[in-house]
Amino acid sequence: MPVPEKPALEGLEDALSAKWERDGTYRFDRSKPRDQIYSIDTPPPTVSGSLHVGHVFSYTHTDIVARFQRMRGKEVFYPMGWDDNGLPTERRVQNYFGVRCDPSLPYDPSFVAPEKPEKQPISVSRPNFIELCVKLTVEDEKVFEHLWRYLGLSVDWSMTYATIAPPAQRVSQMMFLRLLQKKLAYQVEAPTLWDVDFRTAVAQAELEDREQPGAYHRIHFAKRDPSTSLGTGGSGFVAIETTRPELIPACVALVAHPDDARYQPLFGTEVVTPIFGVRVPVLAHALADPEKGSGIAMICTFGDTTDVVWWRELKLPVRAIVQPNGTLGRVTWGAQGWETIDAARAQQAYDQLAGLSAKKAQARIVELLRESGDLQGEPKPITHNVKFYEKGDRPLEIITSRQWFIKTIDHRDQFIQRGREIAWHPEYMQARYENWVNGLNGDWCVSRQRFFGVPFPVWYPLRADGTTDHSQPLVPAESRLPLDPSTDVPDGYRADQRGKPGGFIADPDVMDTWATSSVSPQLVSQWETDADIFARTFPMDLRPQAHDIIRTWLFSSVVRAHFENQSVPWTHAAISGWVLDPDRKKMSKSKGNVVTPLGLLQEYGSDGVRYWAARGGPGVDTAFDVGQMKIGRKLAMKVLNVSKFVLAGEQPAGAVTEALDRGMLQNLAGLVDDATAELEDYEYAKALAKVESFFWDFCDNYVEAAKSRRYGDFGVEAAASASTAMRLALSVLLRLLAPYLSFVCEEVWSWSNTDSVHRSAWPTRAELIAVSGTDHAAQRSVFHLTEALNAIRKAKTDQKVSVGTPVKEVIYVAGDDAARSLALVERDLKAACRADGLVLKAGEPRVEITLKPAGV
RNA sequence: GGGCGGUUAGCUCAGUUGGUAGAGCACCGGCUUUACACGCCGGCUGUCACAGGUUCGAGCCCUGUACCGCCCACCA
């Protein structure tokens, strides 16, 4: 392809991404042996959101690494996934189609969603619901793919996966069943963190703290003399302070520190809860903090995670009042129900709370306590941190329910050990991982009471009385996976036995999002699907991801690979930073400062945006800065223009004989070494800085100095030396820049090559030295020429003439070494400063310029 | 309360094993120069967060402090 007259960046993205697709430039060749393959476990973006500039930032980093590895001779295994699984998608589908999922319904193959959502949501089976999810997300995925192609990700687009699609479900279910078989997964009925709006359990990893207003309520519990009968005994009161007075009916004990002299006399005695008249013990536990509140705490089932610890360790009973929907449930007090010393009063009071949300119940009970005189003083407002589900709107409750868990606590040391087998980029991210593993305080709860997710492939037998026997789950053969237990039938049963005594019932839950996404390495590597690919790609080479999900995605992936494959899932983890807005805050939609990525790519060019992203090193939070994108665009423009100069026109061929040319090529060999070493170490930003700096120097100094010679001013051989050296240097520089400025480099490469620059060999020192030879004197002459040029340009500028102004004479006096060195490149220097005469002398440094007489 | 990172020019950031503080942008000035005005040349800009210490010498090493960010904690 000839060099265009007026080269331009516009349109390269569309033209070249189409060409790459046609040519299969990034198609994975599965015939390569493992040691020639570089496999990447790409994060699947959530499709029900939209891609933002943070995605562009981090996915570019991965692409740079992929392109470098490919040019180094590795066959890059680079699939792309879509995370269409989980709550955000589910919510959107509900609203979009006006449906609700009812897992108890059978699949209806003829179901068609209404054009417009009806007022009253339509109930559909889980398989129907999932069909709608898939239908909606397919459109999102097209938009995402277009953006990624436009950005220039060198993904093999024939290898995409969706986290809700059958292959992903199959791997998730199969790996779950194997954990179950090894007793590494288990289910138990236990207090679990619960979101009352989503009505699902959530995991420790999905929590976040939020500052909330609250108030300390100082409340009297009557001391009770055990020697008297049922009365309160009248021997005084104990005051506790609580932020959750509505949980008083759920109180099961008071607890204070064993060394706390104030409460030591009470240990082993009982007190009576206000209003409800429940006798509860006063106990000692080291977790109680004498400094907090009154130093004695009310234990409820369950107000917070500390309550759970106390409840478990002190073997207390359960009095649960908060229901899964966040309201207080009905309770019968007295003989048939909960024990109390005054059933009538307890019932009368509690009936005013039942059915209310926790918040409303609190307001009501405060009134009741005030009336009864058990509230001491007024509530004291405070702000405190409260646990929320990261996607939730109301504080988490702790509710007892049956959930699936994967064992983690007993294996912490092994997970730490696996972490040490991974090379972290940057290294300090490993500390965050270990910090998290060491801080684990419970096994990983993997079940969610949702619909759009991977179902647990499990059923339970129903006893003759119709109750469920959870102790004997029915599991399918692996060959039946994936399946949906709400529609599929366990072996040995008939469909009409579903829900009948003596029949079976499906496990209603789905796996949490990290339980399914944590198997992405096995999924993309075709574990248990294609043993050949798996052997060639697993353990994978790279997991790129953001630092905020080390505790979730990264950790859970290590857990799964450790249990299933007895290995790490990958050998490198590249952790990218965040994009910060100008206020140094993480860019987010809620702040209204998110710019649409496609608009940016169109305005600054994909290469410009890639350049900005590439400057943010591994793990480094980086400011959103269109200024850097403009600079990237200018760099791309410069590549275009200097390439036009180097490649255009007929040029003599021949050996590189001139000192300037040889020195430049040797310096370039040094650059190749440096950039290669940095990139091998995942330091793509440092490599770019070095290449960029060399490139500008090449343009401004070398090309300027060699230009006149290349035009033939000093004969054909001298011109051939310049031409050959320039072409080689350009070829090397294009290859060094190709991972970053993927479009412009490909465009320019096509002017003198038939293959793709992205499939060309990474440059080496050897190919340069073979042409330039090694000659330190030549290298020094390049250095001194640049210095001389700068000094002479300054002198011209001082005289207010243009650098291109021809002058009569230039006298350049410099040190011995410089003078000797410059003699090697005297012709080039003289031509570059447009002087009729050039005098080089050794001595005290000085530049003297004699202008031509005016009018000549 | 614990852990990890950061603090360098107006802005965005580099600063290798300690050896006279750098780049780009912005700003100012000069250039129609036959690859490029999406360009070229030049100039200005710093108590390297603060306080101690080690050293002939500290942006870099050590101790402490402050502020910013992230992660974690048994937040009654």
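Miscellaneous remarks
- Restricting region A:114-182 to GluC sites (Glu not before Pro) that sit in a DSSP loop and have at most 11 other Cβ atoms within 10 Å of their own Cβ leaves A:Glu115, A:Glu118.
- Taking label positions 7 Å along the Cα-Cβ direction at both A:Arg759 and A:Asp29, the computed distance is 0.8 nm, reported to one decimal.
- Computed from phi, the 3J(HN,Hα) profile of region A:298-308 under the Karplus parametrisation 6.51, -1.76, 1.60 (θ = phi - 60°) reads 8, 9, 10, 10, 9, x, 7, 5, 5, 4, 5 Hz, with x in place of Gly and Pro.
- Amide H contacts of A:Thr657 (H built 1.01 Å from N, in plane; Pro and chain starts excluded): A:Ser721 sit under 5 Å, all sequence-distant by 5 or more or on other chains.
- Taking the DSSP bridge list for region A:731-856 and keeping only pairs wholly inside it, about 45 percent are antiparallel.
- A DSSP coil position with no more than 13 other Cβ atoms inside 10 Å describes the following GluC sites (Glu not before Pro) in region A:649-682: A:Glu650.
- Global form of region A:1-60, assessed from the alpha-carbon gyration tensor, a/c cut-off 1.5: oblate
- 3J(HN,Hα) from dihedral phi, region A:799-809, Karplus parametrisation 6.51/-1.76/1.60, rounded to Hz, x for glycine, proline: 8, 6, 10, 6, 4, x, 5, x, 10, 6, 8
- Taking amide H as placed 1.01 Å from N in the peptide plane, the amide H of A:Ser39 sits under 5 Å from that of A:Phe77, A:Asp541, A:Leu542, each at least 5 places away or on another chain.
- For chain A, the relative contact order is 14 percent, taking Cα pairs closer than 8 Å that sit 6 or more residues apart in sequence and dividing their mean separation by the residue count.
- Tensor-based shape of region A:251-396 (alpha-carbon gyration tensor, a/c under 1.5 rounded, otherwise prolate or oblate): rounded
- For A:Ala835, nonlocal amide neighbours, meaning residues 5 or more places apart or on other chains whose placed amide H falls under 5 Å from its own, are A:Val807.
- Antiparallel bridges, percent of DSSP beta bridges restricted to chain A (to nearest 5): 65
- Length, then width, then depth: along the principal axes, the Cα atoms of region A:53-195 run 56, 46, 31 Å.
- Per-residue ellipticity at 222 nm computed for chain A from its helices equals -12000 deg cm²/dmol, with DSSP H segments shorter than 4 residues left out and the rest contributing -39,500 (n - 2.57).
- When the chymotrypsin sites (Phe, Trp or Tyr not before Pro) in region A:14-63 are filtered for DSSP coil states and for at most 11 other beta-carbon atoms within 10 Å of their beta-carbon, no site remains.
- Pairs exceeding 21 Å between alpha-carbon atoms, taken from A:Lys292/A:Lys391; A:Lys707/A:Lys830; A:Lys808/A:Lys841: A:Lys292/A:Lys391.
- Solvent accessible area, Å² - A:Met1, 1.4 Å probe, full protein context: 130
- Residue by residue, region A:693-705 carries 3J(HN,Hα) couplings of 5, 4, 4, 5, 5, 4, 5, 7, 10, 4, 4, 4, 6 Hz when phi is fed to the Karplus relation 6.51 cos²θ - 1.76 cosθ + 1.60 (θ = phi - 60°); x denotes Gly or Pro.
- Accessible area per residue was computed with a 1.4 Å probe on protein heavy atoms; A:Ile792 scores about 0 Å².
- Accessible-area value, A:Lys387, 1.4 Å probe, nucleic acids and ligands omitted, Å²: 80
- Directionally averaged projected area (region A:74-132, Cα convex hull): 5.9 nm².
- Rounded if a/c under 1.5, otherwise prolate or oblate - region A:375-534, Cα gyration tensor axes: oblate
- Distance from the C-alpha centroid of region A:792-853 to that of region A:380-426: 69 Å, rounded to the whole angstrom.
- Per the Cα gyration tensor, region A:673-778 maps to an equivalent ellipsoid with semi-axes of 25, 17, 13 Å, ordered largest to smallest.
- Checked against a 31 Å cut-off, the cross-linked pairs A:Lys315/A:Lys500; A:Lys360/A:Lys407; A:Lys644/A:Lys796; A:Lys142/A:Lys387 give Cα-Cα distances beyond that limit for A:Lys315/A:Lys500; A:Lys360/A:Lys407; A:Lys142/A:Lys387.
- Per-atom-type breakdown for chain A gives carbon and sulfur 52% of the accessible area (1.4 Å probe, protein chains only).
The values are calculated or read from the model by the stated rules, or taken from the named source; none is laboratory data. All values derive from a computational prediction rather than experimental measurement. Neighbour counts are summed over all protein chains in view; Cβ atoms, including those assigned to glycine, are modelled from backbone coordinates with ideal geometry. SASA here: full protein model, heavy atoms, side chains in, ligands and nucleic acids out. Shrake-Rupley method; radii C 1.70, N 1.55, O 1.52, S 1.80 Å.
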